[in-house]
Amino acid sequence: MKIWYQLISSETAMSNFLSTTKTLCDAVAAPGTTVEVHGTPHGALGDQYRSIWHYDVREFVETALKLRREGGYDAFVIANSLDTGLVELRELLDIPVISFMEVLCFTACTMGERFGMLVQHPKMVSRYREIVTGYGLASRLASIENTGHSPGNNAMFTREDEALAYVAAVEAAGERAVEAGAEVLFLTGSTAALLAARGVYTIAGVPLLHSYGLLVKAAESAIAMHRITGHAVSRRNYYQGPPTAMMNRVADVRGLPMFRTPTT
């Protein structure tokens with residue numbers, strides 16, 4: 001199995017985060033599974049704002065179009081908690097597309113009645129609530145707590161003082177979520193990799209999910225079922241992809257040759 005594992009974080013500015021995530025993925029991958037962890041050239045430049053997040057979606061779509069043309073991968077993992085390009089990628093790709101939020105939310109629901117999310121930006125809270133409501137899981141969400149620390153700190157993976165400050169902030173946020181009724185917790189963003197790398201899987205007596213590791217196992221399962229059944233996505237309505245003629249027309253009108261279907 002070969003998995004394309006896509007983060008939004010900058011491959012240079014957040015190199016410690018990417019390398020830590022790669023180590024975590026390799027540690028849980030089954031024998032024979034290769035996980036390619038990728039970042040982006042610029043990173044998440046204000047993805048808490050819809051007007052800016054739009055450009056992250058476009059970057060993911062361009063990557064998906066490249067994979068569609070070249071092949072070679074058995075699954076695409078969106079390792080970003082905002083469902084970046086989720087619908088678009090499922091329209092375009094015939095391999096399983098795995099979403100961070102779907103995997104974490106539905107896994108949490110198998111382990112407890114209500115779950116809590118620990119996030120890195122207060123403006124994200126309403127976005128995450130919207131995503132969870134879209135899944136039909138609003139009644140299962142106990143709390144979304146902001147950790148109070150800014151995201152995108154590459155130093156927390158190499159400096160002990162930085163790491164301890166982040167861990168303390170996460171644990172405090174987790175305690176608040178548990179007090180609000182959460183029976184399972186999960187983290188978004190780079191702090192999820194930090195705590196997993198430090199072996200922290202429990203806060204205030206409840207499970208803290210291994211966010212990035214779960215994505216690998218979900219991808220492996222989806223690949224296996226794809227091979228057995230031949231199905232990775234339903235083409236009925238919601239994830240129905242654009243027809244070839246439309247893709248080629250978009251390529252011409254928009255000046256986007258990446259949309260063109262190659263001739264064989």
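The values are calculated or read from the model by the stated rules, or taken from the named source; none is laboratory data. On a predicted model such as this, the values are computed, not experimentally measured, just so you know. Please note: Cβ atoms are built from the backbone with ideal geometry, for glycine as well, and neighbour counts cover all protein chains shown. Each accessible area value is taken on the protein alone, full model and side chains, heavy atoms only, with ligands, DNA and RNA left out. Shrake-Rupley method; radii C 1.70, N 1.55, O 1.52, S 1.80 Å.
Odds and ends about this structure:
- The conditions of being modelled with pLDDT of 95 or more and open to solvent by less than 40 Å² (accessible area, probe 1.4 Å) are met by Leu24.
- Test result for Leu195, assigned to a strand (DSSP E or B), in contact with a strand residue (DSSP E or B) (Cβ under 7 Å, 6 or more places away or on another chain) and open to solvent by less than 20 Å² (accessible area, probe 1.4 Å): no
- Gly174 at pLDDT 95 or above, in a helix (DSSP H, G or I) and open to solvent by less than 30 Å² (accessible area, probe 1.4 Å): yes
- Matching residues in segment 198-213 - criterion: being assigned to a loop (DSSP other than H, G, I, E, B) and closer than 12 Å to Leu118 by Cβ: Val200, Ala204, Leu209
- Residues in segment 202-246 that are of a type in the set (A, V, I, L, M), open to solvent by 70 Å² or more (accessible area, probe 1.4 Å) and within 21 Å of Val61 (Cα to Cα): Ala245, Met246.
Quick grid of which residues meet (1) at pLDDT 95 or above; (2) of a type in the set (Ser, Thr, Tyr); (3) surrounded by 18 or more Cβ atoms within 10 Å (Cβ to Cβ); (4) within 21 Å of Thr63 (Cα to Cα):
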position	(1), (2), (3), (4)
Trp4	yes, no, yes, yes
Leu7	no, no, yes, yes
Glu11	no, no, no, yes
Thr20	no, yes, yes, no
Val35	yes, no, yes, yes
His38	no, no, no, yes
Gly43	no, no, yes, yes
Tyr49	no, yes, no, no
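To keep it simple, each residue is scored yes or no on (1) basic (Lys, Arg); (2) modelled with pLDDT of 95 or more; (3) open to solvent by less than 30 Å² (accessible area, probe 1.4 Å).
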residue	(1), (2), (3)
Glu70	no, no, no
Asn80	no, no, yes
Leu86	no, no, yes
Thr107	no, yes, no
Met111	no, yes, no
Gln120	no, no, yes
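- Answer residue from segment 247-260, given it is open to solvent by 80 Å² or more (accessible area, probe 1.4 Å) and not basic (Lys, Arg) and is nearest to Lys2 (Cα to Cα) among those: Pro257
- Applying the criterion of at least 1 residues that are more than 19 Å from Leu208 (Cβ to Cβ) to the helices (runs of 4 or more DSSP H) found wholly in segment 67-162 leaves 86-92, 124-134.
- Residue in segment 179-192 that is more than 20 Å from the chain's Cα centre (by Cα), closer than 29 Å to Asn16 by Cα and surrounded by fewer than 16 Cβ atoms within 10 Å (Cβ to Cβ) present: no
- Selection status of Ala219, more than 16 Å from Met117 (Cα to Cα), of a type in the set (Gly, Ala, Ser) and part of a helix (DSSP H, G or I): yes
- Evaluation of Ala192 against (1) touching a residue at least 24 places away in the same chain (Cβ under 8 Å); (2) hydrophobic (A, V, I, L, M, F, W, C); (3) within 28 Å of Ser9 (Cα to Cα) (one fails), failing number: (1)
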